[in-house]
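Working notes, beginning with the structure itself.
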Amino acid sequence: MLGQMMNTQLRISSILEHANAVFPHQEIVTRTPEGPVTRATFRQMRDRAHRLAHALARLGVKRADRVGTIAWNTQRHVEAYYAISGMGAVCHVMNPRYAHEQLVYIMNHAEDEVLLIDRTFIPLVAALRPKLPRLRHVILMTEAEAQPTGADAPFEMLNYEELLAAEDGKGDYPWPELDENSAAGLCYTSGTTGNPKGVLYSHRSTVLHAMATALPSAVNIAETDSVMPVVPMFHVMAWGLPYSCMIGGAKLVMPGPNLDGASLFELMDAEGVTMAAGVPTIWLGLLSEMRKRGRAPNGFKRTLIGGSAPATAMIAAYEGEFGIDVMQGWGMTEMSPVGSVATIPPSKAHLPFDARMALKSKQGRQVFGVELDIVDENDRPLPHDGKTSGRLVARGPWIASGYYGIDQSPLTSTGWLDTGDIATIDEDSFVTIVDRAKDLVKSGGEWISSIDVENAAMGCPGVAQAAVIGVPHPKWDERPLIIVVAAEENPADKERVMTHLAKVLPKWQLPDDVVFIDAMPLGATGKILKTELRERFRDHLTG
Ligand SMILES: Nc1ncnc2c1ncn2[C@@H]1O[C@H](COP(=O)(O)OP(=O)(O)OP(=O)(O)O)[C@@H](O)[C@H]1O
């Protein structure tokens, strides 16, 4: 017997219409790539998204066409998210930090017909343009009067505001009644091995992911919040925040291109940001700015840190020095991205500070909708005892079942997504990522977690950043090498780092050497690029 409830479809356009109906006066604030801070209400933004959809239709965009974006976190980019997906086309976000040949591959593979860009990326697109035969229009997201001409416009660009102005008075765009499984968004993983792979989100997966992440047991997004997604909109749809904030009714504060600690602090302070989200390297910058000023930005209460493991020392500094609640999130492009969030359950709230910080250093518990498990090499489930480690697998309605346009499956033999991470899960469902399988240091048949050694090093005074890699060793196959960026104040030296590590790690896990560098190489998403470090220091122990 079937239930008798309506089978209305989950669509991204319904998020926009809901926000317009229920939170019409809520604001989106942007520090634009041009500099000034702009603001609009959700209602104004919704009307502009309708006009953009009209304009794209006039340019010939049809259902299922791919429309690319290379843009910062801005109001116009959010409008593009809603207009493109709402009209039934596919919003293809691209990371401008990818290598040129990767971007050319991605855009040709996705067959983008129209591309929306910020002015920062004119030189980048000028270099790519001759290699993009399918691309019909490039739209520059800037004011009409700021549209470049002559040598500043090396290829033909339409102006975003002129396109919108031409649609004035047209009224609402008739959002099509799409099947909820229709494609809505496209994001390519960086593909540290081989070509990038496209993950194709649907309306259903996007809406469900946004609803689940907004829940109090996950990221907890409310109308009283002012949320700043520092995580770029070109990286896994800014972890779904442009959707979940409009479901929850939270004010959106978009930082544009300036992501240094001082710029973030100023905008957060002015806009009363209560919750901000980004990768660990961003929060190191903000932490040092807060220490310089001796205070946190006005109203700042919580931060969501994910994308790679935040050091326990940093979590403890946010909480201990500034009273800011750190939530760690774990996930991946193939998972829309959120899989788990670490928050302290009431049953553990009485624990001493260090024990609570240790719990927050785990990657947290699965959010509703996602099932997580660990398996052995034959895909057989392993015990959730907090000790046994295995390959972390996931399944759920916002987890990829394949890649766009290529015949390569990310699934295990039992149909779960293989995340490429090695993890333990305890009796309370807390997941601990031991390491990415490819980052584990394999020393004489034993595995050393680079995350554990990095965490230990980050607790050493005078260490600003630490990365551990496995390098070839004549006797043990691989041994850990630690690469350190020393803090400006009271910088650590080799002896201090090794003495500190010897106090907290077993002897066999101690790195064979400490190397100091001026700055960590960062990948396209702001994570430390271990592939580059491995390449650079491959011969360090063998000469
Ligand atoms: N909180 C976290 N703690 C530890 N690792 C994390 C965390 N969040 C994400 N990760 C790591 O990031 C991975 C997902 O990365 P993502 O999908 O963003 O692409 P990426 O880092 O660019 O990698 P690639 O494109 O090469 O697959 C996870 O599998 C995990 O290894």
Could you tell me which GluC sites (Glu not before Pro) in the range 448-535 are loop residues by DSSP with no more than 11 other beta carbons within 10 angstrom of their beta carbon?
Glu488, Glu489
Using a 1.4 angstrom probe and counting only protein chains, how large is the accessible area of Asp493 in Å², to 10?
80
Got a sec? What order do Glu113, Glu162 fall in by accessible area at 1.4 Å, biggest, i.e. largest, first?
Glu162, Glu113
Please work out the Cα center distance from the range 62-93 to the range 217-290, rounded to the nearest Å.
20
Percent of all alpha-carbon pairs of the chain at distances over 39 Å, whole number, is 26
The answer for trypsin sites (Lys or Arg not before Pro) in the range 364-464 that fall in a DSSP coil and have at most 14 neighbouring Cβ atoms within 10 Å is Lys387
At 7 Å along the Cα-to-beta-carbon direction for both Leu522 and Glu111, put a label point, then send me their distance in nm to one decimal.
3.6
Enter the accessible area per residue of the chain (Å², integer; probe 1.4 Å; all protein chains in place).
41
So what does Thr281 come to for accessible area, using a 1.4 Å probe and Å² rounded to 10?
40
Rounded to a whole %, the carbon-and-sulfur portion of the accessible area of the range 361-518 at a 1.4 Å probe is 49
Simple SL model, points at 7 angstrom along Cα→Cβ for Ser217 and Thr499; separation in nm is 4.8
For Ala437 and Thr224, calculate 0.36 nm times their separation in residues minus their Cα-Cα distance, and state this gained length in nm to one decimal.
72.7 nm
With a cut-off of 15 Å, note down the residues of the range 357-372 whose backbone N falls inside the zone around a label point 7 Å from the Cα of Glu319 toward its beta carbon.
357-365
Quarter of the surface of the C-alpha convex hull for the range 345-425, i.e. direction-averaged projected area in nm², equals 6.6
So between Phe537 and Ile406, what do we pick up on full extension, going 0.36 nm a residue minus the alpha carbon distance?
43.8 nm
Accessible heavy-atom area order of His92, His18, highest first, probe of 1.4 Å:
His18, His92
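The values are calculated or read from the model by the stated rules, or taken from the named source; none is laboratory data. Just so it is clear, the model here is predicted, and its values are computed rather than measured. Ideal geometry is used to build each Cβ from the backbone, glycine not excepted, and the neighbour counts take in all protein chains shown. Ligands, DNA and RNA are excluded from the accessible area calculation, which covers all protein heavy atoms including side chains. Shrake-Rupley method; radii C 1.70, N 1.55, O 1.52, S 1.80 Å.
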